[in-house]
Amino acid sequence: MNKLIVYSLAGILTIGIMASCGDKSGTNAASPAVNAETEISASPQATAQPTAQATDQPATTPQPSQGTFTTGVFVDLDTIEDPLFNKEIKNLLNTTLEALANKKEEAFRSVFKDSQSADAFMYLFGRDYYFDTIGTVEQDKEGRVIVEIRGKVKDSGEIKEPNSFYYFMKDADNHWSLRAID
């Protein structure tokens with residue numbers, strides 16, 4: 001009787017292990033990347049005081065598909081009329097997006113307050129980017145202007161669609177710089 005129980009448990013355990021190791025590509029389980037995007041897109045709204053809403057600007061070029069991927073910046077930042085989104089922030093954001101899309105490290109580093117801040121975000125550099133939509137423009141309690149940019153990123157052959165938030169802040173000399181990317 002004890003052998004029967006042991007063999008039954010071993011069989012059930014083996015079937016459970018085999019079932020969990022099977023191909024799950026057909027399931028609809030949410031990937032960790034989707035959950036991470038949900039958390040990221042919720043974070044600025046949780047702490048930000050919305051003062052203005054930019055109109056979503058659709059891409060003017062075809063969106064990339066899984067087979068082809070066009071890198072570049074396809075959003076016209078100059079069309080956004082918002083007092084928070086001033087000329088200096090527009091220029092910094094444009095430099096940031098162009099540097100990421102065209103893999104220009106020096107330009108990417110130039111938008112940050114200092115080299116230590118730039119070093120913290122170098123993990124974002126070197127991927128293929130397609131930026132096509134500007135979302136919200138908000139100011140949080142600390143005075144940071146937060147700009148949402150949507151698009152696609154290709155990393156290790158996989159294309160993802162993150163919403164990225166760019167945090168700009170004034171320094172003591174009244175000049176804006178990029179402080180964080182979320």
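Cβ-Cβ contacts under 8 Å between residues 6 or more apart (or on different chains), taken from a first residue in the stretch 68-89 that is part of a loop (DSSP other than H, G, I, E, B) to a second residue that is of a type in the set (Asp, Glu), are listed as Phe69/Asp128; Thr71/Asp128; Phe74/Asp132; Val75/Asp132; Leu84/Glu138.
Listed here are the residues, each with its yes/no results for (1) open to solvent by less than 10 Å² (accessible area, probe 1.4 Å); (2) within 14 Å of the chain's Cα centre (by Cα); (3) within 17 Å of Lys90 (Cβ to Cβ); (4) modelled with pLDDT under 95.
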site: Tyr130; (1), (2), (3), (4): yes, yes, no, no
site: Gln139; (1), (2), (3), (4): no, no, yes, no
site: Ile146; (1), (2), (3), (4): yes, yes, yes, no
site: Lys154; (1), (2), (3), (4): no, yes, no, yes
site: Glu161; (1), (2), (3), (4): no, yes, no, yes
site: Tyr167; (1), (2), (3), (4): no, yes, yes, no
site: Asp171; (1), (2), (3), (4): no, no, no, yes
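Residues considered: Ala118, Ala107. Of these, the only one that is in a helix (DSSP H, G or I), small (Gly, Ala, Ser), free of Cβ contacts under 8 Å to residues at least 60 places away in the same chain and closer than 16 Å to Tyr167 by Cα is Ala118.
The values are calculated or read from the model by the stated rules, or taken from the named source; none is laboratory data. For clarity, every value in this text was computed on a predicted model and none was experimentally measured. Cβ sites come from the backbone with ideal geometry, for glycine too, and all protein chains shown count toward neighbours. Please note that ligands, DNA and RNA were not included when accessible areas were found on the heavy atoms of the full protein model with its side chains. Shrake-Rupley method; radii C 1.70, N 1.55, O 1.52, S 1.80 Å.
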